[in-house]
Structures are given as structure tokens and as C-alpha cells.
Amino acid sequence: MAKNNGNKNNSQDFSKYIKAFWKIFIAGFLAIVLFFLLASWGAFGHMPTFDQLENPESNVATEVISADGETIGKFYLENRTPVKFADLPPHLVNALVATEDERYYEHSGIDARGTLRAVMSFGGSGGASTITQQLAKNLFHGEGSKNLIERIAQKAKEWVIAVRLERQYTKQEIIAMYLNTVDFVNQAVGIRSAAKTYFGKEPKDLTVEESAVIVGMLKNPSLYNPARESRKKIVLDRRNTVLSQMEKNGFLKPEVKEKLEKLPVKLNFNPESHNEGIATYFREYLRDFMKTWAKEHPKEDGNEYDIYRDGLKIYTTIDSRMQKYAEEAVHEHLANLQEEFFIQQKKNKNAPFINLSDAETKRILDRAMRSSERWRIMSSKGKTEEEIKKSFNVKTEMTVFTWKGDRDTIMTPMDSIRYYKHFLQTGVMSMEPQTGHIKAWVGGINHKHFQYDHVAQGARQVGSTFKPFVYATAIEQLHYSPCDSILDSPFSMPKGRYGIDADWHPQNSNGKYAGMVTLKYALAHSINTVSAILINRVGPKAVVDMTKKLGVSSEIPEQPAIALGAAEITVSDMVAAYSTFANQGVYIKPQVILRIEDKNGVVLYQPEPYSKDVLSKDVAYAVVKLLEGVTESGSGARLKWGGSGGAGYNRMTGYPYAITNPIAGKTGTTQNQSDGWFMGMVPNLATGVWVGNEDRSAHFKSLLYGQGATMALPIWGLYMKKCYADDDMTYKISQKPFERPANLSIRVDCNKPVIKDTTDIDIDEFDF
């Protein structure tokens, strides 16, 4: 009997334990449910709403896209450009799943086995975060807290958000969203920026081993940074770990894995920055344009668009290949010309300045010192003027620009200012005359070291490239033709005529006079006296009015000397003006934007072209025929020469041009060879090139090197030759003759020049 009572008591005790267990279990379960409910209600901090999950906030870079569909730059705080799942190669997705979340396709946001393993190991190896949880963390709170209590709360939020994300998005969408949110360091946020930064590719073009490197970075991007020389070994080991995971999960065959493991990690490291890549000067111009545009085109809620965060897409008129060829032409020619400039300056004690007093030199260097970044920084730190000036004469380590790449050296900041004054600068712009679309824009030689834009900002004296405006005025008002004759002889304009305060005696650059010549011959050989005679007949005001109608915005004095090029005009205005001649007398305002879209593809802005009639078709065509004479027999004739060596060989670049199709063009050289110009046109492309030093007192001594035909024309020739050689280029540059107007009323077909050119060198001009 006692024994039965004992069994009964034991059963009762066991029943108590069972009840207690279930009470604890149910209480624990309810506590966990309550814990997650509290998390979902926002008790542990803000939880995203449905709209926020549907449109998660992130800083998305604005893309600058060329007319041929290439991304040529970005504006960003975080260099992030989202891609869709369809743009990801399968092996990248497989590497991600195999390494970060093996059961990704089996769970609904939370991996129970992984979580249990993490709990059992008390946070040791084998973390529980799924790809979806990592996405939740990246989107809504970033790095995990080091405080245990806060981290537990964050983890709960991650779980809740992960489940919600799984309900709203497909597995493929979650993978794409996750890869778009990862910071891969080196200003590469998101998979597209990472692929471009480390391998110079779009994500879809990544190889298996390259994908493994990027996926390997996910564990710790800073630690497994492949761009760090000291991390090569661990990056290689990490990549091979990813490859092993791919084999383990059936995504790679063993023999393929073994082959890939033996390959070195090869990078094409090119961090995307505002000073790197192509069209840097254009992109900086576009940034300023966009700041103004954002103020003038607010969102529906009244707020301004943020070009650094809102993921806009700016479709531009720039052709990426033409831009590349223009930059290559600048590099190829100016690297050689700069070497010659340095050689010629070796014996100049005041290099690079010519015929400049010590006081004038000091003013130039002092002005450069006060506008330098060093001066700004030291001044902002409260340093006195005396302290700042003293620092400019202390030798220090610095990196300076050379055409062979940046070089580390030791010199004083003042010496570096003088060193940089040696460099020849340039401005190059190409435009389609019929649309105003700018196809190439090179504002200088290196945006990192020289940020002044010589296309839109820098107005320089234009030399003889101004003369076609004088001729156009004479043809329109006096009904002249290119074949009409005029006397090239000594010419004087008396004091008081057109308000001049002294007698004016313009001289030809070679000191000679050719007698009776056609207007076509006179322009081809830049005869100064003929230009002076023409402006005397039409008046300076008429010529200035003509330039205004052609789109020149610079203030040009109504003085006779402008006939020889004393006016200062930007490259962009010169290209637009010349384009009017190629466009049958219709001026088209230069245009850089095709359209602007928001991140969802909605068109926000599409500019309307602006045009106006300036000249009749006949007058415009007559000017074109005048300009063709420059490349047929004048200072631009070398563009037609070919072969290797001999008279047709370009000594400065080593490249013959041999461009046989019709070219309308004009060289220009200003006083003391301070500015060299070439304006060149074919029917559907007008291009302007300026070359010169930052300071007009720094220049070549001789006309041989300092004339526009030597400084600027070769850039045009190299650029066009590269464009013509590219059969795959989207924009096809014409090789046909300029369109002749029907029933042309102006005689343009001159049988023979009245005077045969017997000179051995190019005739160019000096300005007054």
C-alpha cells in the first residue's frame, strides 16, 4: 500500500514538472511573441512603414550618361547606382548564396538552423544573419550596436523587417537590393560601383573569379580590400574560400574550382571620382548647371532635387568615343609640344615668362599664391599673412603633374607655382551644327591639377579666327563674293575714323604685299591689310553686330583692330558662331542635355532647342567656301597631307593626317604667340581648339612653334583622324561636301587664284 502511494506521489511530482515545463515554455513562447510584437510596434525604435519598405531610402548617385549610352560620370555622396537582378551574372548570385546564405531559397527571411547554431555557439562562428536580414540591417539601421541589449533589440527588428521584406519582394529582388546597398570601400557603394572600381566592368561582365573576390569582401570590406597591397594574400585566400563554397554547394565542378584557385587576383582598379574618368571638365560644368536647374525645377512637394542623393539620370549630348578621342588627341600632341616648351625655357632666367619685368613677374606669382588652396587652408586656420607667405618658400614633399603621370618630388610651394605656369593649356569643343548637340568637351589638360575650364570660362584673344566674321559682314552688306578681287597693299586708317585716336597702319605678318588677290586667297593666307580694308568699308559696329547675331556673348569693342583678332571670346561661343556657317546661316544654341529622368525613369526635363536665322543660305555657304580655301592652300593645308616624312609630315606629333574630304577651317595666332587657335568644320561637326599658357606672358618665342597651325591644328587633325577610323562609332561624322544651296546667287567657284602662293611657310598674323 505504501509502495502504491509512493508511485502516486512520484507521478504527481512528475506531473508538476511537466506542467511547470509547459508553463515556462508557453510563457517563454509568449514572451518571444511579445518581444517580436513590441519590435514590430516600434517599442525598440522606429520601424519602417509599408511605404518605406516599398521605397527604401538610400543615397543614390546621379548618373551622367552619354548619347551613346555610356555612364561617363556620377554626382554622389555615396557612389551608388542600383542594378536589377537581370544585370547580375548567375555565378555572382551563386557565389553570394553559397557563401552568405546556403539555405536562402528555403527560408522566409530567418534561417532557423543558422539561428540555433548561433545561439548554441553564443555568438561564435557561424552567424545567423540571412541575406534578407543583412539587407534589413543595411537599409534601416546600418552597423550593429556593440551594446548587447541594444544589439538584441536590433536583431529583433532585423527579423521582423526581414519577414516583411520576404513578403513584399521576390528572392531575386532581395538579392539585387542587398548587393546595391553594400559599401565596398574606395567610394564604391553597391555592386555596380564595385565592379567598375575594381575591375572596370559592368556587373554582368564579371568573371567567376572576379565575382568571388567581390563576394569575399562582404565579410569585411575593409579587411578584404583588394586594392590594398598588404592584403593580397588574405584577399586571395578569401576568394578561394568563396570558390570552395561554390563547389560545396554544387555551383562549380571540382576541376573548375582547382583551375580558378591557381589564378592570381587581377584588378583594373580605377576608383570613380570627380577628377577621374573622361569629360571631367564637362561634368563640372554640368554640376553647376544642375544646381541651377534643381532650384528652377522643384519637386511636386516644393523641395529641391538633390543631385547627390536622388538617383537622377542625366542623358547628355556627349559622345563617349568622341570625347575619348578628343582627350587622346590633346594628350598626344601637347605632351610632345610641352617637352619642346620646357627645352626652349631652359635658358630663360625668368622662365616661363618672356620680356617681363621683375615687378610684373612678382605680381603674377603673388596673385597665384593668394588664390591657391594652401593659402585658403592656412588662412582659415587663422595664420597671419606673414606666416603664410613664409610657408611658400619652405621645401616640402608634394606630388606634381607631368605628362608621364603624377610625380613625387620636393620643392617649395612657390617653385611649384612657377612650374605649373609652364604648362600649355587647351580648350576643345565639338558641336553638331544642325542640333546644337555638344559631342566633346575638353576644358583643360588635367582636372585634378588644373581646374579652370578653357571651354566655357576662359575667353582668349582669337586672332585670325575672327576674320570670317568680317568677311561674312562684307559679303552680306556689300554683296561681295569669294572670287572678287581686292588690292593687298599698304593701308592706313586716319586718326578719328571710327573713333580711333591715332593713325592705324596694319601690317602683314610677313611684311609683304601680294597685289590683286581674291577674297578666298586673302582669307586662306590671313592677309591683314585685306581684313582692315573690309572693316573700313563696313564699319566695326556692323561686324560687332554680326558676332552678336552669331551667338558671341563677349563684349567686343567697336574698334577697327578687331578685324585682326583683338577680341576675347570663349571656345564655346566660337564653335557656336562657326556652326552657323555650316548650318546654312541658322544659329543653334549649344545644348548639353537630352533629358533628365528621376530614378524611376520619369522624364523631369527635356530642353527645347533655340535657333534663329542669322544669314541667308547663300552668304553662309560663301563663307564656308572661303574657309575651305584655308585647308586647300593656306595655313590649314597640312591637314590634307599624308605619307611619312617630307613636307607633309607633322614634326610635333609624328602623325600625318591625310584627311581628303572637304574641310572648312581657320587658324589663328595672337600677338607674341600667346594664343593658338584652329576652327575646323565638316558638314555635321564644328570643332574649336585653343592652346596657350595660363598667362599671356608665357609663350613660345618663335612663330614656328607658337602659331595656331602648330599649337592647335594638330589636335583637330588627330581627333578627326581617330573619329574617322572608328567604324563602330555611334555618331557618323560626314566626309561629304557641304550642301550647296539651290540657285546659289553668289559666285564661289573661282577658277584659279589670281596670285600663286610661293611661300614656304604658313602665313599667319599678329594682333594689334
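The values are calculated or read from the model by the stated rules, or taken from the named source; none is laboratory data. Please read all numbers here as calculations on a predicted model, not as lab measurements. Ideal geometry is used to build each Cβ from the backbone, glycine not excepted, and the neighbour counts take in all protein chains shown. Accessible surface is based on the protein model in full, side chains and every heavy atom, while ligands, DNA and RNA are left aside. Shrake-Rupley method; radii C 1.70, N 1.55, O 1.52, S 1.80 Å.
Quick notes on this structure:
- Among the residues making up segment 195-210, a single one is open to solvent by 10 Å² or more (accessible area, probe 1.4 Å) and of a type in the set (Gly, Ala, Ser): Gly200.
- Test: Ala329 is closer than 30 Å to Tyr731 by Cβ, among the hydrophobic types (A, V, I, L, M, F, W, C), in contact with a Leu (Cβ under 9 Å, 6 or more places away or on another chain) and not in a strand (DSSP E or B): yes
- Segment 68-91 residues that are part of a loop (DSSP other than H, G, I, E, B), paired with ones that are charged (D, E, K, R) and open to solvent by 70 Å² or more (accessible area, probe 1.4 Å) (beta carbon under 6 Å, 6 or more apart): Pro89/Lys204
- Residue within segment 297-312 that is open to solvent by 40 Å² or more (accessible area, probe 1.4 Å) and among the basic types (Lys, Arg) present: yes
- Cβ pairs under 6 Å, 6+ apart, first in segment 163-183 and at pLDDT below 90, second surrounded by fewer than 21 Cβ atoms within 10 Å (Cβ to Cβ) and hydrophobic (A, V, I, L, M, F, W, C): Arg164/Leu53; Gln168/Leu53
To keep it simple, each residue is scored yes or no on (1) open to solvent by 10 Å² or more (accessible area, probe 1.4 Å); (2) under 13 Å from Val544 (Cβ atoms).
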residue: Glu555; (1), (2): yes, yes
residue: Leu564; (1), (2): no, no
residue: Asn583; (1), (2): yes, no
residue: Val592; (1), (2): yes, no
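- In the set (1) at pLDDT 75 or above; (2) in a helix (DSSP H, G or I); (3) crowded, with 18+ Cβ neighbours inside 10 Å; (4) among the small types (Gly, Ala, Ser), the condition left unmet by Gly114 is number (1).
- Of all the numbered requirements in (1) more than 29 Å from the chain's Cα centre (by Cα); (2) of a type outside the set (D, E, K, R); (3) modelled with pLDDT under 95, Thr241 misses one, and that requirement is (3).
- Condition check for Pro271: of a type outside the set (D, E, K, R) and open to solvent by 70 Å² or more (accessible area, probe 1.4 Å): no
- Residue that is nearest to Phe184 (Cα to Cα) [pool: residues in segment 224-265 that are small (Gly, Ala, Ser) and open to solvent by 50 Å² or more (accessible area, probe 1.4 Å)]: Ser230
- Test: residue in segment 199-215 that is within 18 Å of Tyr76 (Cα to Cα) and of a type in the set (Lys, Arg): no
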